[in-house]
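First up is the structure itself, then whatever we jot down about it.
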Amino acid sequence: MATIKEIADLAGVSRGTVDRVLNKRGSVNPQTAAKILEIAQALDYKPNRAGLVLAAQKKNLKLGVVLFGEGNPFFDEVIQGIRHKEEELACYNCSICIKRVAVDTDEQLQAIDELVEEGVNGIAISPINDIRLADKINELYDLGIPTVALNTDIKNCKRLAFVGSNYYQSGATAAGLMRLMAKGSDVRIGIVAGSSEILCHTDRIAGFKQAIEKYEHMNVIETIMNHDDDFISYDMTSQLLKTHPEINALYFAAGGVYGGCRSVIAQNRVEDITIITFDQVATTKEMLAKDVISATICQEPFIQGSKPLDILFTYLATGEAPSQEYYYTAVDIRIKENLD
């Protein structure tokens with residue numbers, strides 16, 4: 001394996017100059033830098049990863065995390081993954097700062113600005129799919145602050161990677177479960193989602209709708225948005241079922257599941273409505289156990305919390321870019337009989 005000394009000898013410069021070029025520290029004559037990089041490439045130079053990670057102890061790296069607000073219990077499980085990774089990175093003097101905000105672009109932008117003021121070196125975020133947020137992520141990239149999207153993605157920006165479910169595939173999976181589990185030969189579906197501004201919600205709906213196109217007996221009657229709020233979900237689901245009493249299946253593409261299920265119970269519709277949901281929070285498990293929900297699709301929230309921080313730390317400590325752009329979690333189907 002080539003060493004910095006060998007590169008320095010061939011280039012006729014000091015090892016300090018080679019180190020500055022390879023690690024992008026300080027200014028070096030452009031012609032000299034180009035020569036050093038050419039030699040390093042020819043020798044297939046690879047940095048000592050262990051040494052670089054140990055050097056990160058001196059950098060006192062700080063990572064920021066921006067998640068959606070306290071009202072969504074799914075992110076409580078994401079935070080478990082974050083805290084686990086935080087303990088692991090503590091020995092490298094790397095700290096984590098978490099901010100939970102509403103599903104609101106202005107609040108996310110403010111949280112990012114606060115983290116930058118606090119001196120973070122990288123940010124993991126569950127982003128709203130908004131051009132202003134994409135521009136902010138591009139701005140962070142230009143400042144040398146990398147970003148990883150978690151749980152939901154964002155288009156047209158320079159984020160390093162995405163960690164989360166393949167939501168289009170998850171939507172198609174939900175359609176397959178609905179086909180297998182729905183009662184009767186005419187399946188009339190109400191879709192309950194969180195927000196049209198969150199890409200994972202819209203992708204789940206798109207995957208679901210495309211998958212049911214091949215089945216003439218399955219049709220979507222109406223789609224409503226509940227902002228992942230159980231109280232809003234209760235009211236909107238109640239109104240949906242009163243307006244469309246023909247609905248005999250509900251597809252919850254986001255949060256607010258418990259409120260929607262309570263509405264179904266209140267209207268004595270449990271026996272004739274098939275419900276497919278996402279995630280395995282405590283209230284969803286309760287509804288599964290009571291046969292209100294037929295099946296739920298889980299997405300490994302622990303990994304969604306830990307993996308983005310692993311990607312950011314590795315990139316900042318070693319300069320090693322992630323090996324892939326998309327890190328998809330498993331599609332994990334749960335029914336009453338295989339609850340944890």
Between E6 and D104, Cβ-based FRET efficiency (R0 51 Å, step 0.05) works out to 0.40
For E114, the net charge from surrounding residues (Cβ-Cβ under 11 Å; K, R +1; D, E -1) works out to -3
With D186 itself left out, Lys, Arg at +1 and Asp, Glu at -1 over residues whose Cβ is under 15 Å from its Cβ give 0
Connecting every pair of Cα atoms under 10 Å apart in the chain and solving the GNM, the largest mean-square fluctuation among T274, T32, T296 falls on T32
Only helices counted: for the chain, with every DSSP H run of 4 or more residues adding -39500 (n - 2.57) and the sum spread over all residues, [θ] at 222 nm is -14000 deg cm²/dmol
Long-range share for the chain, i.e. C-alpha pairs more than 26 Å apart as a percent of all pairs, stands at 55
Here the range 294-305 yields Karplus 3J(HN,Hα) values (6.51, -1.76, 1.60; θ = phi - 60°; whole Hz; Gly and Pro given as x) of 7, 7, 9, 10, 9, 9, 6, x, 4, 5, 5, x
So for the range 4-46, using the alpha carbon gyration tensor with a ≥ b ≥ c as root eigenvalues (a/c under 1.5 gives rounded; past that, a/b versus b/c decides prolate or oblate), I'd call it rounded
Restricting to aspartates and glutamates and to Cα separations under 17 Å from K35, and discarding same-chain partners fewer than 8 apart, the set is E6, D9, D19, D44
Karplus ³J(HN,Hα) for the range 320-337 (6.51 cos²θ - 1.76 cosθ + 1.60, θ = phi - 60°; Hz, whole; x = Gly/Pro) runs 7, 6, x, 6, 8, 8, 10, 10, 8, 7, 6, 8, 10, 8, 10, 10, 3, 6
Set K158/K209; K136/K285; K62/K136; K46/K307; K85/K290; K62/K158, cut-off 26 Å on Cα-Cα distance; pairs above it are K158/K209; K136/K285; K85/K290
With Cα coordinates, the longest principal axis of the chain makes an angle with the long axis of helix 199-212, in degrees rounded to 10, of 50
Net charge (Lys, Arg +1; Asp, Glu -1) of residues whose beta-carbon lies under 13 Å from that of D9, D9 excluded, is +2
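No lab work stands behind these numbers, since they all come straight from the coordinates. Source: prediction; values computed, not measured. Cβ atoms come from the backbone with ideal geometry, glycine included; neighbour counts cover every protein chain shown.
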